[in-house]
Amino acid sequence: MNRQPLIQVRDVMKQQFDMVDGMMTISEALEKMKHVETKALLVDKRHENDEYGMLLISDIARHVLAKDRSPDRVNVYEIMAKPVVSVDPAMDIRYCARLFERFDLSRAPVIEAGRVIGIVSFTDMVLRGLLRQAE
């Protein structure tokens, strides 16, 4: 039996991500964005019983740029996804990939003990997981 080694989401996730407030304008959120490689902004909870949101760069392109809306007049909360599907850092990347496929996701926040600790994408799972496994 050929068993592949377990690679967890925590092994491949990006630990650097940008957290913004939903009340920010798109312009303000983009100015705050330091980790462009994640292609996403995580939206912080407003209060303890709230949920995290996510705004993808592609959402900004579709809902602001393509519709010729001013990024100074559109707030993050207007176009973000909320709530978002999150993953556990101990999840096997094979199951994470299946989850992404089932729900048509490209990336998700990694949440441990109710806090975001990273973000994971298909790219991370393939390049940091499968590629490393092949070495």
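The values are calculated or read from the model by the stated rules, or taken from the named source; none is laboratory data. All of these numbers come straight from a predicted model, not from anything done at the bench. Heads up, the Cβs are rebuilt from the backbone with ideal geometry, glycines too, and the neighbour counts pull from every protein chain shown.
For the structure I just gave you, tell me whether ILE93 is in contact with a Pro (Cβ under 8 Å, 6 or more places away or on another chain) and modelled with pLDDT of 95 or more. Criteria not met by ILE93.
Filtering the range 12-26 to residues that are more than 11 Å from VAL43 (Cα to Cα) and among the hydrophobic types (A, V, I, L, M, F, W, C) leaves VAL12, MET13, ILE26.
For the residues VAL43, VAL64, VAL36, the requirement of being out of contact with any Phe, Trp or Tyr (no Cβ under 8 Å at 6 or more places or on another chain), surrounded by 13 or more Cβ atoms within 10 Å (Cβ to Cβ) and not small (Gly, Ala, Ser) singles out VAL64. Taking the conditions exactly as written (surrounded by fewer than 15 Cβ atoms within 10 Å (Cβ to Cβ), closer than 26 Å to LEU127 by Cβ and out of contact with any Pro (no Cβ under 7 Å at 6 or more places or on another chain)), does SER58 satisfy them or not? The answer is yes for SER58. Within the range 23-60, the set of residues being closer than 19 Å to ARG115 by Cβ, in contact (Cβ under 8 Å) with a residue 60 or more places away in the chain and not in a helix (DSSP H, G or I) comprises ALA40, LEU42, TYR52. Scanning the range 1-22 for residues that are in a strand (DSSP E or B) and either small (Gly, Ala, Ser) or under 23 Å from ASP72 (Cβ atoms) (or both) returns MET19, VAL20.
Yes/no matrix, rows are residues, columns are (1) touching a residue at least 24 places away in the same chain (Cβ under 8 Å); (2) within 13 Å of the chain's Cα centre (by Cα):
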position: ALA66; (1), (2): no, no
position: LYS82; (1), (2): yes, yes
position: VAL85; (1), (2): no, yes
position: ARG115; (1), (2): no, no
position: VAL120; (1), (2): yes, yes
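If the condition is being in contact (Cβ under 8 Å) with a residue 60 or more places away in the chain, part of a loop (DSSP other than H, G, I, E, B) and under 20 Å from ASN49 (Cα atoms), then the range 87-113 contributes only ASP88. Residues of the range 1-22 that are in contact (Cβ under 8 Å) with a residue 12 or more places away in the chain and over 18 Å from the mean Cα position of the chain (by Cα): GLN4, PRO5, LEU6, ILE7.
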